[in-house]
Each structure stands twice: as C-alpha cells, then as structure tokens.
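Values quoted throughout were computed directly from the atomic coordinates according to the rules given, and no laboratory measurement underlies them. Because the structure is predicted, anything quoted here is derived from the model rather than measured. We place every Cβ from the backbone using ideal geometry, glycine too, and count neighbours over all the protein chains shown.
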Amino acid sequence: MLKYKKEEELKQLKREEEFAVRLKKIQDKMNAMADTVVRNENEKRLKEERRILELQMEKEKKDMLEERDRKSRILNQNVNVNKYLMDQMEQKKETKIKLKHEDKLLQERLLNDIKIKQELDDEKARTHKESLNYNREFILKQASEKKTRGL
C-alpha cells in the first residue's frame, strides 16, 4: 500500500516537473516573441497569444489537479477497503477464539456433570450393595437363629 502511494507521489512529482518545464518553455516563448515583434502591430496579437497560453496553462493545471484528486480518491478508497477487510479478519479471529473458549467451558461443564453423575451412580451402587449385604446378613442371622431354635 505504501509502495503504491510512494509510486503515485513520484509520478505526481514527475508530472509537476514536466508541467514546470512546459511553463518555462511557454514563458520563454512569450518573452522571445515580445522581443521579436513590432510593438504596435503585434501588441494585440501578443495579448491574444498570452491569453491563449494562460488558458492553456490553467487547463493543464486544472487537469493535473483533477488527476491528482482522482488518484487520491482511489488510494483512499483502497485504504478503506483494506482497513475494512482487516477489521473483518480480526473480528473473525476474535469470534473463533471466543467460540473455542465457549467450547472448552462447555466440555469442562459436561465432564464435571458426567463426573458428578458417575459419583452419584457409584454411591447408589455402594448403598445398594450395602443394603444387599445387610439383608443377606439379616437372612443368614435369622436362618442361623431358626436352626439353633429348631434343634
């Protein structure tokens, strides 16, 4: 982008130098003509030529300014487009990071929920096993008491 801008500036400087050279040539021509013509007869013609040259210089100057403005607008538009694209890329990057973080939090929460469920299931199984053991012991104890009473 900077390279493009520098190239445009160099081209503009070159055009301005060429314009200055043309102006110098025109001025030199005007001076040379003033020295070589007869004053009275050529005065009107000289004025007309100067007027035409001035109009030509104004037109060239106007054209150069319009060209500079056009290139400046194009450059600014390119800068704005690039800025917009960079902003879009940054937003996409931030969104990706945010989604990744949210996914990680969700995974951690799910793993924690699974761990809690597993602990509850383990506790249920342990309680059930203890209940079965208690019932077995109770039945064995009753059977043993019945046996001892029945004998």
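In a residue-by-residue description of region 58-81, the property of being part of a helix (DSSP H, G or I), farther than 30 Å from M1 by Cα and either of a type in the set (A, V, I, L, M, F, W, C) or touching a Gly at 6+ places or on another chain (Cβ under 9 Å) (or both) applies to no position.
Would you confirm, using the coordinates I've provided, whether T95 is over 31 Å from the mean Cα position of the chain (by Cα), polar (S, T, N, Q) and either over 30 Å from R15 (Cα atoms) or surrounded by 10 or more Cβ atoms within 10 Å (Cβ to Cβ) (or both)?
So T95 fails the test.
Taking residues in region 1-14 that are outside any helix (DSSP H, G or I), and partners anywhere that are surrounded by 10 or more Cβ atoms within 10 Å (Cβ to Cβ) and not charged (D, E, K, R), the pairs with Cβ atoms closer than 9 Å and at least 6 places apart or on different chains are M1/L75; M1/N78; M1/V79; M1/N82. Right, L55: within 30 Å of L13 (Cβ to Cβ), surrounded by 10 or more Cβ atoms within 10 Å (Cβ to Cβ) and of a type in the set (A, V, I, L, M) or not? So L55 passes the test.
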